[in-house]
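Working notes, structure below.
The values are calculated or read from the model by the stated rules, or taken from the named source; none is laboratory data. Keep in mind the model is a prediction, meaning the values are calculated, not measured. Every residue, glycine as well, gets a Cβ built from its backbone with ideal geometry; the counts of neighbours run over all protein chains shown.
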Amino acid sequence: MRKWLVSVIVLVLVLGLGLAEARTTITMWHTWGAGTQRDKVVRTIVEAFEKAHPDIKVDVVPNTGANSAEARQKYMVAAAAGVPPDVAILGGLDLEWIENGLIQPLTSFFKRDGLDKNYFFPGTWEAMSYNGDQWAPPVSLELTTQMMAINIDMFSEAGLDANQPPETVYDLETANRKLTIIDDSGKIKRVGMFPFSIYGEWNAFNQWAARFGAVFAVETPNGPRWNINTPETRAALNWLNNWYQNVGHGNYQSTDVYRMRNNTSAQLAYGASAMVLWLNGYNQGMTNYERPVNYRVVWLPYHPSINKTDGIRVSGGFGLTMSAATKYPEAAWEFIKFWIQSDEVAMIWGVDMGELTIKRNNPYMRVMLENREHYGTFVEYTAFAQGPLPSVPGYSVLTSTTTSLLQQVYQGRMSPAVALETIQERMDAEVEAYYK
């Protein structure tokens with residue numbers, strides 16, 4: 001009896017060791033810091049994946065650097081040393097990574113498993129495509145065109161109807177005047193809207209210029225190029241600068257909204273502004289504030305020279321890339337496919353982040369439609385979304401240069417025309433240097 005029991009135990013141990021040896025381990029790096037909300041959600045998705053694929057283990061490595069740029073630099077160092085992660089979420093469609101052979105195309109996997117353009121939301125196929133291949137499917141559906149959130153109670157107090165929000169940029173100016181409160185000393189106590197910054201001046205300018213019809217990147221016979229100094233961008237920047245100087249009387253710096261200029265949800269939550277630029281994921285963050293805010297999300301106003309639905313584009317956002325050096329491409333692909341195809345992931349990401357994954361038949365869409373005040377506009381946007389603009393080298397230079405020069409414009413130290421000319425010249429030189 002004892003010999004039989006020992007034999008069984010030995011057999012179980014041998015089988016267990018065999019299963020452990022058969023389990024493939026892949027490494028996945030992501031751009032978010034350890035313990036952040038997105039890191040926690042990623043780990044929840046990994047747990048679901050490992051449960052569905054017990055033969056694959058995923059080691060998650062969060063970003064230990066100060067920002068995404070540091071994480072990307074570490075990836076390039078690891079790739080050069082021949083030890084990159086199998087899967088990474090560190091950025092979007094990166095031409096430098098593609099052209100240097102750091103990541104591999106996923107085209108054959110898509111074709112083999114029957115995933116084509118029709119499986120995903122409009123515009124997302126183009127967001128992961130370059131030179132005829134698919135590379136980095138976005139982790140979620142991100143649109144470059146932002147929305148606007150409005151405080152319903154403030155609208156009512158000012159005699160405005162929140163069910164008829166400003167349609168055009170000129171309607172927005174009218175609403176802003178009615179919603180702005182200035183005390184007897186001339187100090188701004190509350191603004192109707194502070195349209196100049198959301199994570200920096202570049203991001204806000206990018207939004208408004210698109211609503212004036214601007215297209216920042218174009219294909220040319222010599223390849224994709226930046227298209228910064230145009231009639232549309234000049235009209236948009238003149239409009240913003242006139243607002244800053246004439247509506248704000250140049251004294252925004254002393255206001256609460258200026259101190260919160262890169263946190264529009266805080267502006268809305270604390271009553272510093274009645275209207276703010278808005279991203280879909282901000283709705284989840286509003287639950288963190290003690291005082292509930294009665295707000296709704298609406299279309300971002302546009303210039304009458306374009307249609308309301310023009311210029312809504314999918315952003316590449318953060319994409320799932322597979323290293324060209326991975327030893328386990330099948331396991332890496334199974335994880336990527338699980339993320340973009342699974343209803344379970346769609347619900348995890350939706351419930352925790354308030355965002356959609358990129359599959360068109362997305363179960364979280366139904367949840368969004370049950371809360372139309374906050375999510376209905378985003379759902380409407382998805383129907384008109386186009387693919388992203390062409391990828392052009394030098395994006396980080398564009399954002400830093402534009403942010404710096406726009407600050408000078410708003411401070412009255414540079415004209416809008418000179419700023420745009422300078423940005424265009426800088427970006428032309430940047431692209432030429434890249435292609436040499």
Pairs with Cβ under 9 Å, 6+ apart, first in region 219-239 and touching a residue at least 12 places away in the same chain (Cβ under 8 Å) and closer than 15 Å to ILE423 by Cβ, second of a type in the set (Ser, Thr, Tyr) and in a loop (DSSP other than H, G, I, E, B) = GLU232/SER305
Flag for GLN267 being assigned by TED's automatic domain parsing to the domain that holds LYS178, touching a Ser or Thr at 6+ places or on another chain (Cβ under 6 Å) and of a type in the set (S, T, N, Q) = yes
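Looking at region 124-150, which of the residues that are among the hydroxyl-bearing types (Ser, Thr, Tyr) and within 17 Å of ILE336 (Cα to Cα) is surrounded by the most Cβ atoms within 10 Å (Cβ to Cβ)? First the steps, then the outcome.
From region 124-150, those among the hydroxyl-bearing types (Ser, Thr, Tyr) are 124, 129-130, 140, 144-145; that's our starting set.
From what is left, the residues that are within 17 Å of ILE336 (Cα to Cα) are 124, 129, 140.
Details: THR124: 29, SER129: 18, SER140: 21.
Out of the qualifying residues, it is THR124.
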Number of the exception - ALA346 against (1) buried (at least 22 other Cβ atoms within 10 Å of the Cβ); (2) in contact (Cβ under 8 Å) with a residue 60 or more places away in the chain | (2)
Confirm whether ASN206 is modelled with pLDDT of 90 or more, surrounded by fewer than 14 Cβ atoms within 10 Å (Cβ to Cβ), part of a helix (DSSP H, G or I) and in the same structural domain as VAL418 (by TED's automatic domain parsing).
-> no
In region 392-436, the residues that are within 23 Å of ARG261 (Cα to Cα), not in a helix (DSSP H, G or I) and not polar (S, T, N, Q) | GLY412, ARG413, MET414
Expected output for region 424-435 (first residue in contact (Cβ under 8 Å) with a residue 12 or more places away in the chain, partner of a type in the set (S, T, N, Q), Cβ below 6 Å, 6+ apart or cross-chain) is GLN424/ASN229; ARG426/THR401
Among residues of region 162-181 being out of contact with any strand residue (DSSP E or B) (no Cβ under 9 Å at 6 or more places or on another chain) and without any contact (Cβ under 8 Å) to a residue 12 or more places away in the chain, the residue nearest to VAL293 (Cα to Cα) is GLN164
For region 110-202, list the helices (runs of 4 or more DSSP H) that sit wholly inside it and hold at least 2 residues that are of a type in the set (D, E, K, R); which are they?
-> 152-157, 169-179
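Kindly evaluate MET347 against the criterion of being over 23 Å from TRP243 (Cβ atoms), aliphatic (A, V, I, L, M) and in contact with a Pro (Cβ under 7 Å, 6 or more places away or on another chain). Lay out the reasoning, then the answer.
Numbers: over 23 Å from TRP243 (Cβ atoms): yes; aliphatic (A, V, I, L, M): yes; in contact with a Pro (Cβ under 7 Å, 6 or more places away or on another chain): yes.
Against the criterion (over 23 Å from TRP243 (Cβ atoms), aliphatic (A, V, I, L, M) and in contact with a Pro (Cβ under 7 Å, 6 or more places away or on another chain)), MET347 qualifies.
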Checked region 373-388 for anything over 14 Å from PRO122 (Cβ atoms) and either touching a helix residue (DSSP H, G or I) at 6+ places or on another chain (Cβ under 8 Å) or in the same structural domain as PRO224 (by TED's automatic domain parsing) (or both); matches are HIS374, TYR375, GLY376
Search region 300-319 for residues being closer than 15 Å to PHE216 by Cα and among the charged types (D, E, K, R), and hand back the single one that is surrounded by the most Cβ atoms within 10 Å (Cβ to Cβ).
-> ARG313
Could you say which residue among LYS111, LYS117, LYS57, LYS51 is among the charged types (D, E, K, R), over 22 Å from VAL392 (Cα atoms), touching a residue at least 24 places away in the same chain (Cβ under 8 Å) and assigned by TED's automatic domain parsing to the domain that holds VAL139?
-> LYS57
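Out of the residues in region 15-39 meeting the condition of being among the polar types (S, T, N, Q) and buried (at least 19 other Cβ atoms within 10 Å of the Cβ), tell me which one is modelled with the highest pLDDT.
The initial filter retains those residues of region 15-39 that are among the polar types (S, T, N, Q), namely 24-25, 27, 31, 36-37.
Filter again for buried (at least 19 other Cβ atoms within 10 Å of the Cβ), leaving 27, 31.
Working: THR27: 98, THR31: 93.
Looking at residues that are among the polar types (S, T, N, Q) and buried (at least 19 other Cβ atoms within 10 Å of the Cβ), I get THR27.
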Return the pairs, sorted by first residue and then second, in which the second residue is surrounded by 14 or more Cβ atoms within 10 Å (Cβ to Cβ) and not aromatic (Phe, Trp, Tyr), the first residue lies in region 359-371 and is part of a strand (DSSP E or B), the beta carbons are less than 8 Å apart, and the residues are 6+ apart or on different chains.
-> LYS359/ILE340; LYS359/GLN341; LYS359/ALA346
Which one of these does PHE121 not meet: (1) in contact with a helix residue (DSSP H, G or I) (Cβ under 8 Å, 6 or more places away or on another chain); (2) buried (at least 21 other Cβ atoms within 10 Å of the Cβ); (3) modelled with pLDDT of 95 or more?
-> (3)
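Residues that are over 18 Å from the mean Cα position of the chain (by Cα): which strands (runs of 3 or more DSSP E) entirely in region 252-329 hold 3 or more of them?
So the answer is 273-278, 295-298.
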Conditions (1) assigned to a loop (DSSP other than H, G, I, E, B); (2) over 14 Å from GLU142 (Cα atoms); number of the one not met by PHE384 | (2)
